[in-house]
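Presented below is the structure to which this report refers.
The values are calculated or read from the model by the stated rules, or taken from the named source; none is laboratory data. This one's a predicted model, so the numbers in the text were calculated from it and none came from an experiment. Cβ sites come from the backbone with ideal geometry, for glycine too, and all protein chains shown count toward neighbours.
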């Protein structure tokens with residue numbers, strides 16, 4: 001039975017913080033892995049999961065940099081590079097060798113709007129490879145530990161930017177069409193949503209539930225390193241002096257507010273028995289009407305919801321098959 005893609009009355013909202021949504025939840029004895037857990041939203045997610053009692057592991061390409069960034073937070077840092085398949089397999093193998101269950105996997109790492117077409121070592125477009133394929137491979141390799149938890153959640157951090165493009169299955173790597181940084185980002189974020197749909201459909205019977213989400217527009221996460229200050233001011237994300245604009249009602253959030261939906265998807269009892277849904281503002285989102293009309297960053301301040309193509313089960317199945325082939329499962 002499919003979970004309805006519609007609000008459930010969570011009791012939280014756009015201004016809620018990660019600490020607020022996890023209040024009263026005890027994660028003692030639970031283990032969580034948070035990719036991208038050394039900066040921005042991922043770091044705050046790792047912090048509050050640890051504060052609630054979970055053992056938290058943060059995989060990172062630069063281990064020493066990650067440990068410095070996580071100083072004062074009692075988490076474990078392990079080497080892993082989402083663009084290096086062998087590194088993903090090695091990380092997963094080390095975790096599985098311990099024979100312990102994995103209760104929470106938060107796929108939070110990502111890149112955005114890479115200005116020029118860049119490919120990984122296999123020839124795959126870098127945003128699709130990093131934001132989707134790396135996380136697909138990681139999740140697939142960790143399935144034995146997720147099954148062992150007998151009640152695990154996999155959370156994929158997507159974006160309202162998924163509306164910039166569906167997955168273009170005929171040419172996902174821009175071999176026969178002009179490259180555009182925002183359509184490539186949108187395609188990868190749609191893949192995050194479809195992945196949650198497909199994963200949940202396949203493994204809910206084994207106790208694994210999957211969610212995707214839009215965290216909001218959070219300017220101080222490092223994700224927008226390819227976007228100029230002038231572009232951010234024009235979009236209304238920064239004020240004329242270059243300071244972040246905060247207005248949760250328009251999705252302009254702090255890091256603490258931005259991490260709230262990830263933490264809610266990973267831990268809330270309200271979501272027990274649910275899965276395969278896209279969330280925003282600490283709530284299950286509605287399906288967005290209409291079709292994408294632009295790739296304007298200002299859209300994030302006036303639009304909400306998930307595009308129908310991003311929660312289409314047939315597209316999710318097609319993405320799963322494509323991903324299996326690409327990562328060699």
Check your understanding: Do we have residue 59 as part of a loop (DSSP other than H, G, I, E, B), modelled with pLDDT of 95 or more and closer than 21 Å to residue 140 by Cα here?
Key -> no
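So if I check each of 110, 123, 134, which one is under 25 Å from residue 173 (Cβ atoms) and in contact with a strand residue (DSSP E or B) (Cβ under 7 Å, 6 or more places away or on another chain)? Lay out the reasoning, then the answer.
Values: 123 fails: in contact with a strand residue (DSSP E or B) (Cβ under 7 Å, 6 or more places away or on another chain); 134 fails: in contact with a strand residue (DSSP E or B) (Cβ under 7 Å, 6 or more places away or on another chain).
Unique residue meeting the criteria: 110.
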Check your understanding: Which of the residues spanning the stretch 253-275 are surrounded by 23 or more Cβ atoms within 10 Å (Cβ to Cβ) and either within 12 Å of residue 196 (Cβ to Cβ) or in contact with a strand residue (DSSP E or B) (Cβ under 9 Å, 6 or more places away or on another chain) (or both)?
Key -> 253, 258, 261, 262, 263, 264, 265, 266, 267
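Residue by residue through the stretch 110-119, note down the ones that are surrounded by fewer than 24 Cβ atoms within 10 Å (Cβ to Cβ) and under 20 Å from the mean Cα position of the chain (by Cα).
Across the stretch 110-119, the qualifying residues are 111, 112, 113, 114.
Residue-by-condition table, conditions (1) modelled with pLDDT under 95; (2) within 18 Å of the chain's Cα centre (by Cα); (3) surrounded by fewer than 16 Cβ atoms within 10 Å (Cβ to Cβ):
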residue	(1), (2), (3)
20	no, no, no
35	no, yes, no
44	no, yes, no
53	no, no, yes
Revision key, fill the gap. All-but-one check, residue 16 against (1) farther than 26 Å from residue 207 by Cα; (2) crowded, with 22+ Cβ neighbours inside 10 Å; (3) touching a strand residue (DSSP E or B) at 6+ places or on another chain (Cβ under 8 Å), failing number (3)
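Please state which one of 94, 150 is out of contact with any helix residue (DSSP H, G or I) (no Cβ under 9 Å at 6 or more places or on another chain) and either outside any helix (DSSP H, G or I) or touching a residue at least 12 places away in the same chain (Cβ under 8 Å) (or both).
On the way: 150 fails: out of contact with any helix residue (DSSP H, G or I) (no Cβ under 9 Å at 6 or more places or on another chain).
The unique qualifying residue is 94.
What tally of residues in the stretch 194-222 results from selecting those that are over 15 Å from residue 161 (Cβ atoms) and either crowded, with 19+ Cβ neighbours inside 10 Å or at pLDDT below 95 (or both)? Spell out how you get there, then give the answer.
Initially, the stretch 194-222 is screened for residues over 15 Å from residue 161 (Cβ atoms), giving 195-211, 220, 222.
Next cut, either crowded, with 19+ Cβ neighbours inside 10 Å or at pLDDT below 95 (or both) only: 195-200, 203, 208-211, 220, 222.
Number satisfying all stated conditions: 13.
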Practice item. Return yes or no: is residue 248 modelled with pLDDT of 95 or more, under 22 Å from residue 16 (Cα atoms) and either surrounded by fewer than 22 Cβ atoms within 10 Å (Cβ to Cβ) or under 21 Å from the mean Cα position of the chain (by Cα) (or both)? Key: no
Practice item. Being touching a residue at least 40 places away in the same chain (Cβ under 8 Å) and in a loop (DSSP other than H, G, I, E, B) is the filter; apply it to the stretch 34-51 and report the residue that is nearest to residue 217 (Cα to Cα). Key: 39
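Restricting the search to the stretch 246-265, which residues are assigned to a helix (DSSP H, G or I) and in contact with a helix residue (DSSP H, G or I) (Cβ under 7 Å, 6 or more places away or on another chain)? Even if it seems obvious, please write down each step before you answer.
Quick first cut of the stretch 246-265, residues assigned to a helix (DSSP H, G or I) only: 248-250, 255-258, 260-265.
248, 250, 255, 256, 257, 258, 260, 262, 263, 264, 265, listed by residue number.
Yes or no, residue by residue, for (1) in contact (Cβ under 8 Å) with a residue 12 or more places away in the chain; (2) over 16 Å from the mean Cα position of the chain (by Cα); (3) in a helix (DSSP H, G or I):
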{"residue": "121", "(1), (2), (3)": "yes, yes, no"}
{"residue": "133", "(1), (2), (3)": "yes, no, yes"}
{"residue": "137", "(1), (2), (3)": "yes, no, yes"}
{"residue": "175", "(1), (2), (3)": "no, yes, no"}
{"residue": "187", "(1), (2), (3)": "yes, no, yes"}
{"residue": "191", "(1), (2), (3)": "yes, no, yes"}
{"residue": "200", "(1), (2), (3)": "yes, no, yes"}
{"residue": "204", "(1), (2), (3)": "yes, yes, yes"}
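Could you tell me whether any residue of the stretch 97-104 is within 25 Å of residue 199 (Cα to Cα), at pLDDT 95 or above and assigned to a helix (DSSP H, G or I)?
So the first thing to find is which residues in the stretch 97-104 are within 25 Å of residue 199 (Cα to Cα), and the list is 97-104.
From what is left, the residues that are at pLDDT 95 or above are 97-104.
Applying the additional criterion that residues be assigned to a helix (DSSP H, G or I) yields 97.
Within the stretch 97-104, one or more residues are within 25 Å of residue 199 (Cα to Cα), at pLDDT 95 or above and assigned to a helix (DSSP H, G or I).
Tell me, yes or no, whether the stretch 66-79 has at least one residue that is under 19 Å from residue 110 (Cα atoms) and assigned to a loop (DSSP other than H, G, I, E, B).
The first filter runs over the stretch 66-79 and keeps only residues under 19 Å from residue 110 (Cα atoms), leaving 66-67, 69-70, 77-79.
Subset that is assigned to a loop (DSSP other than H, G, I, E, B): 70.
So far as the stretch 66-79 goes, yes, one or more of its residues are under 19 Å from residue 110 (Cα atoms) and assigned to a loop (DSSP other than H, G, I, E, B).
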**Study point:** residue 290 being within 20 Å of residue 163 (Cα to Cα), out of contact with any strand residue (DSSP E or B) (no Cβ under 6 Å at 6 or more places or on another chain), crowded, with 24+ Cβ neighbours inside 10 Å and at pLDDT below 95
**Key:** no
